[in-house]
Structures are given as C-alpha cells and as structure tokens.
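The values are calculated or read from the model by the stated rules, or taken from the named source; none is laboratory data. Computed from a predicted model, the values in this text were never measured in an experiment. With ideal geometry, Cβ positions are generated from the backbone for all residues, glycine too; neighbour counts draw on all protein chains shown.
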Amino acid sequence: MKRVLSVATSDSGAGAGIQADLKAFLRCGVYGTTAVVATTAQNTVGVTDIYPFPPGVAVGQIEAVAEDIGVDAVKTGMLFNAGIISAVAGAVRRLGLPNLVVDPVMVAESGAELLEPAAVETYKEELFPLARVLTPNVNEAFALLGEPVDEGGIEDCAAALLELGPEAVVVTGGHTSAGADLLYDGLRFERIEGPVHSSQNTHGAGCTHSSALASFLARGFGLLEAARRAREVASEAVGYGLAEIGAGAGPVHAL
Ligand code: PLP
C-alpha cells in the first residue's frame, strides 16, 4: 500500500486538519501517517486556541516516519508560523521526500487566522519551490499574490503562482460560483469541473481535497487524473457533509 504523510495541525473537532487528512487517506486507498506541527482547540463554530509546537517536533516526526514506514507523497496543511515552515522545508529537502502537495492554509472559513502574516514570505522562499503541486483556494491565491483575483483572471493568477516555484498549481474553486478547479503546469490550463458546493457543511473540504490529491499522486496517477479524482472525492465529501454535527459549518464526510 502506498504511504502518504500529512504534515499539519490537529482540529479537536476533527472536521479539518490532520483528522480530515486521515479520513481522506482512508477513502483514497493509501496508508496515512502524520507529523502534527500544532494543535487547535476548535469545533464547528470556530477556533478558540492555537498552540504551535517547537519546529523540531515536526522534524522528529517526519524523520521517524521516513526512516521506517517510508513516504510516497507528502501533504502539508496548516503550518502556522515561519519557524515550522522552514523546519518542514528543510526536512523534505534533506530526506528527498517525493510528491509534495502544499496546501497554503491561511484563514479558516470561520474567519480564524491560521497562518502568521510574516510566514507568507517563508512559504514563498522555502516551501513552494519544493512543491509538486500548490493548492490554494481563490482567497489564498489572492492573499499570496496581494492582488484581487476575479474569476476571469484565475489563469493569470495560476501563472503568477507558478512563478513562485512549484511544478504545478491547482486553484481550487469548489466554493466559487464558477465551481471549477484550474490546473496549470506551465504548459496548459485544464479546467476541472465538479459540482458547486451548495452545502453549508464544508468544514474540512480544502484539507480533504489536498490530501486526496497527494494520495492519487502517491498511487501513480498523472497530475491531471489525480486532480480530477481529488476533486471528485472533495465534492462527494461535501455532499455527504454532516449537518447534525455541531452548530456551525458541519464537517465534510469522506466515505
Ligand atoms: N483547522 C485546521 C487545523 C486546518 O488545517 C484548517 C484548514 O486547513 C481549518 C481549521 C479550516 O478549515 P475550514 O476552513 O474548512 O473550516
């Protein structure tokens, strides 16, 4: 079985973060491992506390997993600060970990800030250049580029993000009126259609999407096919989202 490592943050409500990643890995037929870089006190309504671990905590977990279990793909999620991003980039580079999918998590749907603003530069300088795929949503793309992105301008936006160093970019669009994801690998643009999310129960959709993409890359699918399958898994998980869990945006459910 292929092995995918999630380097991310715990969500006590288990809708997003490391917990969503593990559920997505199970759904996608890979063995999931984890390096927990921070933990949140969180439920479906919001994030009440964020506790980052010292950067060495991430490195120790990544090394332990790589030395024994092995890694066919890596997904990074919420990394919170510059020290953690830098340590994770160093470990990925030194250990030569393949198929790095970087989900540049910045702000929760509930509005909570999940990345210190000063860490954006560290992402750009140290982690994006190692990525096989960068998977921002439209809001994250906007925040990374520092300019408004209208739906017609998403191709320009993907091209500008590619300049930051990843081999490819998937701008996820499941929550926009256009609905499509846009894949750009420097050669061609591919629109990846899927159902538009009308559900309120989308907590964890982005985490599920990027974990599914890493899983299908680990399993050997080409980038376009992996991106199509990842979109399908994410859309399905939103479709099965659990309204009855918590009073806020219910968690997605990857079956
Ligand atoms: N909490 C953690 C630990 C996350 O990693 C993320 C997203 O990646 C979120 C919360 C936000 O999830 P959402 O915006 O889907 O509610």
Counted residues, the range 1-35 - those being near the ligand (Cβ under 8 Å from one of its atoms) and touching a Phe, Trp or Tyr at 6+ places or on another chain (Cβ under 7 Å): 1
Residue list for the range 67-78, restricted to those being more than 16 Å from Ala8 (Cα to Cα) and either among the aliphatic types (A, V, I, L, M) or part of a strand (DSSP E or B) (or both): Ile69
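Residues checked against (1) within 24 Å of Ser110 (Cβ to Cβ); (2) surrounded by 24 or more Cβ atoms within 10 Å (Cβ to Cβ):
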{"site": "Ser198", "(1), (2)": "yes, no"}
{"site": "Thr202", "(1), (2)": "yes, no"}
{"site": "Thr208", "(1), (2)": "yes, yes"}
{"site": "Ala212", "(1), (2)": "yes, yes"}
{"site": "Ala218", "(1), (2)": "no, yes"}
{"site": "Ala227", "(1), (2)": "no, yes"}
{"site": "Arg231", "(1), (2)": "yes, yes"}
Qualifying residues in the range 146-170 (those that are aliphatic (A, V, I, L, M) and modelled with pLDDT under 90) - the one surrounded by the fewest Cβ atoms within 10 Å (Cβ to Cβ): Val149
Cβ pairs under 6 Å, 6+ apart, first in the range 6-19 and of a type in the set (Asp, Glu), second near the ligand (Cβ under 8 Å from one of its atoms): Asp11/Gly17; Asp11/Thr40; Asp11/Gln42
Residues of the range 81-114 that turn out to be under 13 Å from the mean Cα position of the chain (by Cα), outside any loop (DSSP other than H, G, I, E, B) and within 14 Å of the ligand (Cβ to nearest atom), as a count: 3
Members of the range 121-143 that are buried (at least 18 other Cβ atoms within 10 Å of the Cβ) and out of contact with any strand residue (DSSP E or B) (no Cβ under 9 Å at 6 or more places or on another chain): Thr122, Glu126
Qualifying residues in the range 36-60 (those that are closer than 22 Å to Ala131 by Cα and touching a residue at least 40 places away in the same chain (Cβ under 8 Å)) - the one farthest from the ligand (Cβ to nearest atom): Ala58
